[in-house]
Every structure is written in C-alpha cells, then in structure tokens.
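The values are calculated or read from the model by the stated rules, or taken from the named source; none is laboratory data. This structure is a prediction, so every number in the text was calculated from the model and none was measured. Neighbour counts run over all protein chains shown; Cβ positions are idealised from the backbone, glycine included. Just so you know, the surface numbers come from the protein's heavy atoms only, side chains and all, with ligands and any DNA or RNA stripped out. Shrake-Rupley method; radii C 1.70, N 1.55, O 1.52, S 1.80 Å.
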Amino acid sequence: MVTKGIITILLLICSNVFMTLAWYGNLKLEQMKLTTDWPLILVILASWGMALIEYFFMIPANRIGSHITGGPFSLVQLKVIREAISLIVFTVIVSLLFKGEGIHWNHYISFAFILLGVFFAFLK
C-alpha cells in the first residue's frame, strides 16, 4: 500500500514539473523562435494555463500530506519538501532544456544547504 507521504511527494513532483514549465517554458519557446511574435499578455496567459494544471496536483498534495487532514506532514514540512522538490525539478528541466545554463560547483553547494534545511525541518 502506498502511504500518504509517498502520494504527497509524487503529487508535489508533478506539480513542480508544471510550475517550472509555466515559469521557464516560455523562455525555451522564445529561444526556439516559436513565440517571438506573441504579445506578452498571450505568453502570460499560456503560462497561467500551465500553472492552473499545477494546482490540480498541488492542492491534493497539500490536503493528503497535511497533518490537519490526517497526513504525515506539518505545514512547514510540506513547504520545505516542496522547495527541495522544486529545486530538483528545476535543475533537471534546466539541464535538459537549456544547454547553455550549466550547473556549477557553487550551485551544488547551495543545493546541499537547501537539502540540509529539509533535514532540519524534520528534526523533533
């Protein structure tokens, strides 16, 4: 049986994929010359549509994962988990879609500090 914690994390991963694409996908489309002639409002609306899909994963993740509704995580833990997942998803998407945007040693150190924050968020 899959636990509420695992379901929450899987939903958060899906949520972050859509949110990262909503925030940065328009830059890739611009780089590919697909949206060069689009007015900014159209780019915003397209990104907003992607962000709307993100909510279909984020809201259930919060409801399933929160201790308020019987889940295993406090609100702070949910937020810290989300931020760590967001960083991982961002790194993967940028590495795959934006070849000129390399991840360097200082980025890895900053990522390690964020993951250390996750560790401390779960200390009792």
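When you scan the stretch 22-49, how many residues do you find that are in contact (Cβ under 8 Å) with a residue 12 or more places away in the chain, among the aliphatic types (A, V, I, L, M) and farther than 19 Å from Leu96 by Cα?
Count: 2.
Could you go through the stretch 58-66 and let me know if any residue there is assigned to a helix (DSSP H, G or I) and open to solvent by 70 Å² or more (accessible area, probe 1.4 Å).
Taking the stretch 58-66 as the starting set, the residues that turn out to be assigned to a helix (DSSP H, G or I) are 58-65.
Adding the requirement that they be open to solvent by 70 Å² or more (accessible area, probe 1.4 Å) leaves 59, 63.
Checked against the condition, which is being assigned to a helix (DSSP H, G or I) and open to solvent by 70 Å² or more (accessible area, probe 1.4 Å), the stretch 58-66 yields at least one hit.
Looking at the stretch 69-103 only, could you name the residues that are more than 24 Å from Ala22 (Cα to Cα), open to solvent by 60 Å² or more (accessible area, probe 1.4 Å) and outside any helix (DSSP H, G or I)?
Across the stretch 69-103, the qualifying residue is only Pro72.
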